[in-house]
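The values are calculated or read from the model by the stated rules, or taken from the named source; none is laboratory data. Owing to the predicted nature of the structure, the values given are computational and were not obtained by experimental measurement. Here the Cβ positions follow ideal geometry from the backbone for every residue, glycine too, while neighbour counts run over all protein chains shown.
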Amino acid sequence: MIDDGGKIPLAWKTIFKAYIFGYTRFAPSFCNATIDLLYKKIVQCKEIPAFVVRYVYDETIPDDNAMPKNKLCKFLANTAASICSLENLKTDSYFFPTDFLTDVILELRAQYVVSRIGINTHNPYPTNTTVLCSYHDHNYVLDLPASI
């Protein structure tokens with residue numbers, strides 16, 4: 001999924017539509033791969049376009065019994081708290097969903113509390129996959145028949 005110049009050629013909205021496709025069809029492995037791709041795109045571009053945040057929050061179900069809390073919304077809010085300028089969030093606040101801004105504030109508070117107790121593990125672009133795994137759905141089990 002990388003072009004000759006080392007860039008991810010997929011448009012932002014295409015990546016989010018892919019996630020929503022997997023989310024609505026209960027395909028957590030596909031969603032996990034999409035989160036990984038999105039992370040790479042964010043690192044590459046160093047931004048999260050506002051229009052896609054609105055799209056994701058409008059098109060996904062925040063909580064339901066079939067899948068865990070929407071990992072993509074959590075990923076976007078936590079990443080925005082890490083890399084976005086608060087001034088930009090304030091300037092564009094009319095465009096962002098209230099739930100997104102609330103999630104960003106809660107993440108900023110969590111980051112502040114962690115920094116106050118002397119733990120400085122925050123890196124807006126983590127290099128290990130453990131951080132990304134917190135946005136993956138690993139609670140699914142494929143039920144196979146006992147005999148084929």
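Entry remark, the range 84-114: residues being more than 22 Å from Asn70 (Cα to Cα) and among the aliphatic types (A, V, I, L, M) number 3 in total.
Residue-wise test of (1) at pLDDT 80 or above; (2) out of contact with any Lys or Arg (no Cβ under 7 Å at 6 or more places or on another chain); (3) part of a helix (DSSP H, G or I); (4) of a type outside the set (Lys, Arg).
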| position | (1), (2), (3), (4) |
| --- | --- |
| Tyr57 | yes, yes, yes, yes |
| Asn65 | no, yes, no, yes |
| Lys69 | no, yes, no, no |
| Lys74 | yes, yes, yes, no |
| Asn78 | yes, yes, yes, yes |
| Glu87 | no, yes, yes, yes |
| Lys90 | no, yes, yes, no |
| Ser93 | no, yes, no, yes |
| Phe100 | yes, yes, yes, yes |
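Restricted to the range 102-136, and to residues there that are part of a loop (DSSP other than H, G, I, E, B) and either more than 18 Å from the chain's Cα centre (by Cα) or at pLDDT 65 or above (or both), the residue that is nearest to Val53 (Cα to Cα) is Tyr135.
Of the residues making up the range 12-48, those that are assigned to a loop (DSSP other than H, G, I, E, B) and surrounded by 12 or more Cβ atoms within 10 Å (Cβ to Cβ) are Phe26, Ala27, Glu47, Ile48.
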